[in-house]
1. Within the range 194-231, which residues are over 20 Å from Asp106 (Cβ atoms) and among the hydrophobic types (A, V, I, L, M, F, W, C)?
2. Hey, among the residues in the range 4-28 that are touching a Phe, Trp or Tyr at 6+ places or on another chain (Cβ under 7 Å) and within 14 Å of Glu43 (Cα to Cα), which one's surrounded by the most Cβ atoms within 10 Å (Cβ to Cβ)?
3. Quick one: Gly247 ticks every box in (1) on the phi > 0 side of the Ramachandran plot; (2) in contact with a strand residue (DSSP E or B) (Cβ under 7 Å, 6 or more places away or on another chain) except a single one, so which number is it?
4. For residues in the range 198-229 being assigned to a loop (DSSP other than H, G, I, E, B) and not charged (D, E, K, R), which is farthest from Ser280 (Cα to Cα)?
5. Mind checking whether some residue in the range 224-242 is under 30 Å from Thr177 (Cβ atoms), surrounded by 13 or more Cβ atoms within 10 Å (Cβ to Cβ), charged (D, E, K, R) and at pLDDT 95 or above?
6. Taking Val45 and the conditions (1) touching a residue at least 24 places away in the same chain (Cβ under 8 Å); (2) of a type in the set (Val, Ile, Thr); (3) farther than 22 Å from Ser95 by Cβ, which numbered condition does it fall short on, given that it satisfies the others?
7. Filter the range 138-177 down to the residues that are polar (S, T, N, Q), surrounded by fewer than 23 Cβ atoms within 10 Å (Cβ to Cβ) and closer than 18 Å to Lys249 by Cβ and list them by number.
Amino acid sequence: MILVTGATGTIGREVVRRLPADLGVRIMAREPARVVGAPAQAEIVYGDYGDPQSLVRAMSGVRALFLVTNRVGEDDAHVIQTARSAGVHHVVKLSAAAVADPGAEDLITRWQRVNEDLLRGSGLGWTLLRPRSFMSNALSWTESVRTDHVVRALYGSSANACVDPRDVAEVAVRALTEDGHTGGIHTLTGPAAITAVEQTAEIAALLGRPIRFEELTCEQTRAALRRRYPEPVVEALLQSAQRQRDGAKAGVENTVLELTGRPATSFGTWARGHVAAFASG
């Protein structure tokens, strides 16, 4: 039995869609009704990292676990403890590429380092996935592109080797279903680093109309982030953006090619598949 967490999120939903139909699959979600695209035979159950009994029920009989956490706190510790007690053999954890950057000391990266150390010291089999930021983050621009023909972002000329979430999911499924991944650390990037200005130009070309790029200030970005996140997370995200401005996120890895046998998806290819989201109604 494979247990998938985070199945309503960016990577988890793609993992669910790619799991072979002949495997035993259980999907844990706080809102099971939001799970879409699951294999017909998949078992969908309620579970919350803050509800110990729900974790125990979800992990009963589980061999491999896909672990996604996004709240800074003790969620990983709760899951790992339960997994060990339940006899789970292998945990594939979604982490972040910044963990390996010695200059990255923001709250979120430090939290992920702690989580990785917990897993590696747990006695469980483990695989770490460390993606760069997701190409799908560009979907946050859809409203401004449709209504104002503009992309607004911080540090528009800074490059990021962002990755297609579907590539991350494919690697995750391989790690869950194939031998040879235990103890592996897979850093996942796109095939080239790209800036927000360049992304804007690619989207404009696909739409066949001009799109203007507008550089946000740090204060404008901070104000926008405060509408979505608590202050410590806001500051962590701003520090991460500064690391990108300094060139820390431009490095490209060939991991997707090495593990899947095909090159990582380019931003242009990702954008072609999502161009309808940016088109005017």
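The values are calculated or read from the model by the stated rules, or taken from the named source; none is laboratory data. Keep in mind the model is a prediction, meaning the values are calculated, not measured. Methodologically, a virtual Cβ is constructed for each residue, glycine included, from the backbone with ideal geometry; neighbour enumeration extends over all protein chains shown.
1. Step one: of the range 194-231, the residues over 20 Å from Asp106 (Cβ atoms) are 194-195, 197-215.
Result: Ile194, Val197, Ala201, Ile203, Ala204, Ala205, Leu206, Leu207, Ile211, Phe213.
2. Val4
3. Gly247 satisfies every listed condition except (2).
4. Here is the first cut: in the range 198-229, the residues assigned to a loop (DSSP other than H, G, I, E, B) are 208-211, 217, 227-229.
Going one step further and asking which of them are not charged (D, E, K, R), we end up with 208, 210-211, 217, 229.
Numbers: Gly208: 12, Pro210: 13, Ile211: 12, Thr217: 27, Tyr229: 29 Å.
Looking at residues that are assigned to a loop (DSSP other than H, G, I, E, B) and not charged (D, E, K, R), I get Tyr229.
5. At the first step, the residues of the range 224-242 found to be under 30 Å from Thr177 (Cβ atoms) are none.
The answer is no; no qualifying residue exists.
6. For Val45, the exception is condition (1).
7. Within the range 138-177, the subset polar (S, T, N, Q) is 140, 142, 144, 147, 157-158, 160, 177.
After this cut, where a residue has to be surrounded by fewer than 23 Cβ atoms within 10 Å (Cβ to Cβ) as well, the list is 140, 142, 144, 147, 157-158, 177.
Hits for the range 138-177 are Ser140, Ser157, Ser158.
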